[in-house]
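Note sheet for the following structure.
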Amino acid sequence: MTTATTRALRTPPALTGTTNARLPPAANPSLPSLTGLRWMAALLVFGLHVNNFGYFGGTGAHVVFWGFGAGATGVSFFFVLSGFVLTWSARPGDRALAFWRRRIARVYPVHLVTLGVAVLMTLTLAHQTKPVPKQALATVLLLHSWWHPWWQTLNPVSWSLACEAFFYATFPLLILVLRRLGVRGSVVLGALSVAAVVVLAWSDLHHWWTYTLYSFPAARLPEFVLGAVTARLVLLGRWRGPGLEASLALAILGYFFVPQFRPGYPATLCTLVGFALLIPAAAVADLNGHPSLWRHRRLVRLGELSFAFYMIHLLVLRAGTSLLGTKPHFGALAGLAVTATAFAISLGLSWVLYEAVECPARRLLLRRRKSSAKPQRPSQPEAVPARREAPAGTAD
């Protein structure tokens, strides 16, 4: 999962009313609507897991399934969004090692802490599967999604983080290619990405593979590439997609079409185009100062917490089985009360993770290294103009 930068909300005067101005990458403005949308995707995943844990019975179960049974597509949204945001915020002349260092600082501290919580749960709670050391090590290194039997080891949602780690590994090459492609080349690459998802979904549907493609990082790469392509087109001022309202309608329509497909990777087809239209539409709305519900300050704040929320919420639900049992199928009121409690605990813990782990660890890992050697004084005064250094990590 990647976040859109959420510095002070603003609409750059130079961009108001136009999408045709090409921005220098270092000056790309913030896109708060993308952060707000990220919260909604995390909420869909939470609702899916509430459905899977069987908190509701009877009519309530049908309502929850109707609303959140397709919530797994929220992860596909994260993958497309990740490609968009990383391309949007890519620094000119950035080195691969510097990029990877920022990505590690962004995701690894929360991953390690939630992984530690998951390990503690396996040691203290009943009915928790204890992984073998190889599984645990693969999860620490974010390699576990490459081997399907291990894809949900310890903290199950970390499988998507393993996919993101693969995307990060490929991104320096991808951005190099994108910067050399013109508009037509970018459009062709985007079309090939959609075609790749179609082919992979068809082959998965017909069991051409010995294991599901849903959690396989290489199979999810086209979604990431598609997001990167749409960002490149917006940067070039050549995005011609529908507006925010129409794109949102298409995404919602695709979301509710998911039950018609087999669960898993093939369902990605239903929402891929809608998500690939919605994300740049929200970005253009921010650039042009058009109305957008998604950049409301509370949604943006929740979006900032969404990564931590995503990483902790399933552990909260899993811990709850010790008190509630497996699939308790409560009535409507009891189910709502339990869901609200699990949500409040997850949100509270995500705030703690964000404020006490994510932000401080990122600052610590990205602070500039100070030279241990004392600078030598010049023998004669030199007229050197003062130069201000840009704060580390501001582009992320």
| Mind checking whether some residue in the stretch 338-359 is buried (at least 16 other Cβ atoms within 10 Å of the Cβ), part of a helix (DSSP H, G or I) and modelled with pLDDT under 95? | no
| note | Reported set for the stretch 219-253 where residues are farther than 21 Å from Ile175 by Cβ and free of Cβ contacts under 8 Å to residues at least 40 places away in the same chain is Arg240, Pro242, Glu245, Ala246, Ser247, Leu248, Ala249, Leu250, Ala251, Ile252, Leu253
| message | I want to confirm something. Restricting to the stretch 249-271 and keeping residues that are among the hydrophobic types (A, V, I, L, M, F, W, C) and in contact with a helix residue (DSSP H, G or I) (Cβ under 6 Å, 6 or more places away or on another chain), which single residue is modelled with the lowest pLDDT? | response | Phe261
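For the stretch 46-85, which residues satisfy the criterion of being touching a residue at least 12 places away in the same chain (Cβ under 8 Å), aliphatic (A, V, I, L, M) and in a helix (DSSP H, G or I)?
Leu48, Val50, Ala61, Val64, Val75, Val80, Leu81, Val85
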| task | Within the stretch 95-114, count every residue that is surrounded by 16 or more Cβ atoms within 10 Å (Cβ to Cβ) and farther than 13 Å from Ala162 by Cα. | result | 8
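Here is a yes/no grid of residues against (1) among the acidic types (Asp, Glu); (2) open to solvent by less than 10 Å² (accessible area, probe 1.4 Å); (3) in contact with a strand residue (DSSP E or B) (Cβ under 6 Å, 6 or more places away or on another chain):
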{"site": "Ala231", "(1), (2), (3)": "no, yes, no"}
{"site": "Gly237", "(1), (2), (3)": "no, yes, no"}
{"site": "Leu244", "(1), (2), (3)": "no, no, no"}
{"site": "Phe257", "(1), (2), (3)": "no, no, no"}
{"site": "Leu269", "(1), (2), (3)": "no, no, no"}
{"site": "Gly274", "(1), (2), (3)": "no, yes, no"}
{"site": "Asp286", "(1), (2), (3)": "yes, yes, no"}
{"site": "Gly289", "(1), (2), (3)": "no, no, no"}
{"site": "Trp294", "(1), (2), (3)": "no, no, no"}
| Restricting the first residue to the stretch 258-273 and requiring it to be closer than 16 Å to Trp209 by Cα, which pairs with a second residue that is charged (D, E, K, R) and assigned to a helix (DSSP H, G or I) meet a Cβ separation below 8 Å and a spacing of at least six or different chains? | Gly264/Asp204; Tyr265/Asp204; Pro266/Asp204
| message | Residues that are outside any helix (DSSP H, G or I), open to solvent by less than 60 Å² (accessible area, probe 1.4 Å) and either farther than 20 Å from Ser158 by Cβ or not β-branched (Val, Ile, Thr) (or both): does the stretch 315-326 have at least one? | response | yes
| Counting only residues that are open to solvent by less than 70 Å² (accessible area, probe 1.4 Å), aliphatic (A, V, I, L, M) and at pLDDT 50 or above, how many does the stretch 360-396 have? | 2
| query | Which one of these does Thr124 not meet: (1) surrounded by fewer than 19 Cβ atoms within 10 Å (Cβ to Cβ); (2) among the β-branched types (Val, Ile, Thr); (3) at pLDDT 95 or above? | reply | (3)
| remark: Checking Leu141, Leu161, Leu137, Leu178 in turn, the sole residue that is farther than 26 Å from Arg95 by Cβ and either at pLDDT 95 or above or loosely packed, with under 15 Cβ neighbours inside 10 Å (or both) turns out to be Leu137
| query | Pairs under 8 Å by beta carbon, first residue farther than 15 Å from Arg101 by Cα in the stretch 350-368, partner among the charged types (D, E, K, R), six or more apart or different chains? | reply | Tyr354/Glu304
| query | Of all residues in the stretch 204-229, which are open to solvent by less than 60 Å² (accessible area, probe 1.4 Å), more than 19 Å from Ala41 (Cβ to Cβ) and not in a helix (DSSP H, G or I)? | reply | Thr212, Leu213, Phe216
| query | Taking Asn155 and the conditions (1) open to solvent by less than 30 Å² (accessible area, probe 1.4 Å); (2) part of a helix (DSSP H, G or I); (3) modelled with pLDDT of 95 or more, which numbered condition does it fall short on, given that it satisfies the others? | reply | (2)
| Exclusive hit being over 21 Å from Pro92 (Cβ atoms), part of a helix (DSSP H, G or I) and either touching a Lys or Arg at 6+ places or on another chain (Cβ under 6 Å) or open to solvent by less than 10 Å² (accessible area, probe 1.4 Å) (or both), set Val197, Val188 | Val197
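The values are calculated or read from the model by the stated rules, or taken from the named source; none is laboratory data. Model, not experiment: these values are computed from the prediction. Ideal geometry is used to build each Cβ from the backbone, glycine not excepted, and the neighbour counts take in all protein chains shown. Quick note on the areas: whole protein, heavy atoms, side chains included, nothing else; ligands and nucleic acids left out. Shrake-Rupley method; radii C 1.70, N 1.55, O 1.52, S 1.80 Å.
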